[in-house]
1. Name the single residue that is surrounded by the most Cβ atoms within 10 Å (Cβ to Cβ) among those in region 156-212 being without any contact (Cβ under 8 Å) to a residue 40 or more places away in the chain and in a strand (DSSP E or B).
2. Can you name the residue in region 87-131 that is touching a Pro at 6+ places or on another chain (Cβ under 8 Å) and of a type outside the set (D, E) and, of all such residues, is nearest to F52 (Cα to Cα)?
3. Scan (1) surrounded by fewer than 20 Cβ atoms within 10 Å (Cβ to Cβ); (2) within 29 Å of A4 (Cβ to Cβ) for the single condition S119 breaks and write down its number.
4. Can you find, within region 265-278, the residue that is surrounded by the fewest Cβ atoms within 10 Å (Cβ to Cβ) among those that are in contact with a Leu (Cβ under 9 Å, 6 or more places away or on another chain), part of a strand (DSSP E or B) and not aliphatic (A, V, I, L, M)?
5. Can you tell me which residue among M86, M47 is aliphatic (A, V, I, L, M) and either in a helix (DSSP H, G or I) or at pLDDT 95 or above (or both)?
6. Which residues, counting only those in region 245-264, are more than 23 Å from P98 (Cα to Cα) and assigned to a helix (DSSP H, G or I)?
7. Would you please name the residue that is modelled with the lowest pLDDT, looking only at residues in region 1-33 that are assigned to a helix (DSSP H, G or I) and of a type in the set (A, V, I, L, M)?
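The values are calculated or read from the model by the stated rules, or taken from the named source; none is laboratory data. Only a predicted model underlies this, so the values are computations on that prediction, with no experimental measurement involved. Backbone-built Cβ (ideal geometry, glycine too); neighbour counts: all protein chains shown.
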Amino acid sequence: MMDAPPTVSFENDDVDSVERIREKLRREGAVILKGYDIADVEDFSAMTDRIFGRRRFSYAGGASPRRSLRAEIYNSTEYPSDLTLMLHNELSYSSRYPSYVCFACFETAGEGGETTLGSSQNILSRIDPDVADEFRQKKVCYIRRLPAQGMYSWRAAFQTSEREEVEKICRTAGANLLWANNDTIEIREGRGATTVHPETRREVWFNQAAHFHPLGINADAEATRLNCTFGDGGAIPDDHIAHIRRVLIEEAYQHKWERGEMIILDNRLVAHGRMPFKGGRRITVTLI
């Protein structure tokens, strides 16, 4: 299991804190920020700008439902509160993915709601070498089917009602798009199962096969929306996915939130997820 991320106390205009955050991200892959007391979206925006500059990443075209609160700042994934969101690296099913993921807590859950974190390198090391090799060789094809209306619609996912804009986003990402007669779309994206971190030069597990695969789907609405195969079109065996899911569960560190905290992750080095919860729970996210 991944250890708890290091904590940086960020007070007032402490310039040195920014460099400490960057250094801990390089070494640890994740950092918890305390002391700044993030109270609203404006505080969150100001802090992320201070650390990274104004270079946020748009989630348009992403697979999970979420609402935009302001430019490139979103609420956390709107999956039903009784579901567990498995460890995953953000947008690892796409050729366009962020380098960093930043979370802030505005309201803690009454019960549960921990954000789970896991080392992508440790996950890869624990996956059976034969299974990992098969994924390396065959890669993964992700399949999404989105209707025209509803929470999981292509209009919600792509944040536009213009078909031409959807097609442009898919072309940029290298995804294959098919329009059906009922205005439903099917998107297919072929991606590798691992990647090499540009700074550490270490290989890490970097895919969402365990979530897209039918065995990993834990809500009826997902069954017709998400799927995946090997890159050659062959079925990914259920026992492969069951094994990977066990590793993801065992590697997950559960972070219990405090209001006003931030967590920053290197998206390649650290995967994240969410435990079921009861009560309010307001977590905001931006991608860098």
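1. L177
2. This residue is L91.
3. Going through the list (1) surrounded by fewer than 20 Cβ atoms within 10 Å (Cβ to Cβ); (2) within 29 Å of A4 (Cβ to Cβ), S119 breaks only (1).
4. My answer is G273.
5. Numbers: M86 fails: either in a helix (DSSP H, G or I) or at pLDDT 95 or above (or both).
After ruling out the rest, the residue left standing is M47.
6. R245, R246, V247, I249, E250
7. Keep residues of region 1-33 that are assigned to a helix (DSSP H, G or I), which gives 15-28.
Filter again for of a type in the set (A, V, I, L, M), leaving 15, 18, 21, 25.
On the way: V15: 59, V18: 83, I21: 88, L25: 92.
That would be V15.
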